[in-house]
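Read the structure below first, then the notes.
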Amino acid sequence: GYRAHPSEPWLAPGDVGTIHIQVGFEDLPDAARPRSGDVLVRARLNGVDIGTTSSLNAGHASFPFTAPSFVPEVEVRIDIEPLKGQDRADAVDSSTTFGLDGVAPLLLSSSTDATA
């Protein structure tokens with residue numbers, strides 16, 4: 001697989017992938033991660049819920065997805081809901097719009113050299 005980076009937001013229609021989400025605490029070291037039951041993490045594609053969990057592994061949640069085939073772009077949105085009454089702050093954007101690149105490559109030329 002490959003990573004679709006927010007600076008190059010392109011997916012191929014029908015691509016199967018995983019959304020990886022890392023949740024932490026503001027101004028605390030990376031070792032201090034939320035535990036299961038601290039937050040509810042929800043992932044959405046074009047407004048459709050593709051996964052929700054409050055079970056975290058070292059502050060990490062992941063959701064498999066398949067990129068749709070018949071739309072020009074897909075919005076990936078992550079919602080974090082604190083379950084213990086905390087405030088919420090985001091270190092990164094909670095949504096990114098990816099274009100779908102459905103243009104197949106085209107062979108433009110070929111040649112063969114033969115030597116006797």
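Each value in this text was obtained by applying a stated rule to the coordinates, not by laboratory testing. None of these values were measured; they are calculated from a predicted model. Please note: Cβ atoms are built from the backbone with ideal geometry, for glycine as well, and neighbour counts cover all protein chains shown.
You will find that of Arg88, Arg35, Arg77, the residue that is charged (D, E, K, R), touching a strand residue (DSSP E or B) at 6+ places or on another chain (Cβ under 8 Å) and assigned to a loop (DSSP other than H, G, I, E, B) is Arg88 and no other.
Taking each residue of the stretch 47-62 that is more than 13 Å from Val76 (Cβ to Cβ) and touching a residue at least 12 places away in the same chain (Cβ under 8 Å) and looking for partners that are small (Gly, Ala, Ser) and in a strand (DSSP E or B) with beta-carbon atoms closer than 7 Å, six or more apart or interchain, yields Thr53/Ala61.
Just so you know, in the stretch 94-116 the residues that are surrounded by 11 or more Cβ atoms within 10 Å (Cβ to Cβ) and in a loop (DSSP other than H, G, I, E, B) include one that is nearest to the chain's Cα centre (by Cα), and it is Ser94. Consider Arg77 carefully, then state whether it is under 22 Å from Ala4 (Cβ atoms) and surrounded by 12 or more Cβ atoms within 10 Å (Cβ to Cβ). For Arg77, the condition - under 22 Å from Ala4 (Cβ atoms) and surrounded by 12 or more Cβ atoms within 10 Å (Cβ to Cβ) - is met.
Taking each residue of the stretch 24-39 that is within 15 Å of Pro82 (Cβ to Cβ) and looking for partners that are polar (S, T, N, Q) and assigned to a loop (DSSP other than H, G, I, E, B) with beta-carbon atoms closer than 6 Å, six or more apart or interchain, yields Ser36/Ser55; Gly37/Ser54.
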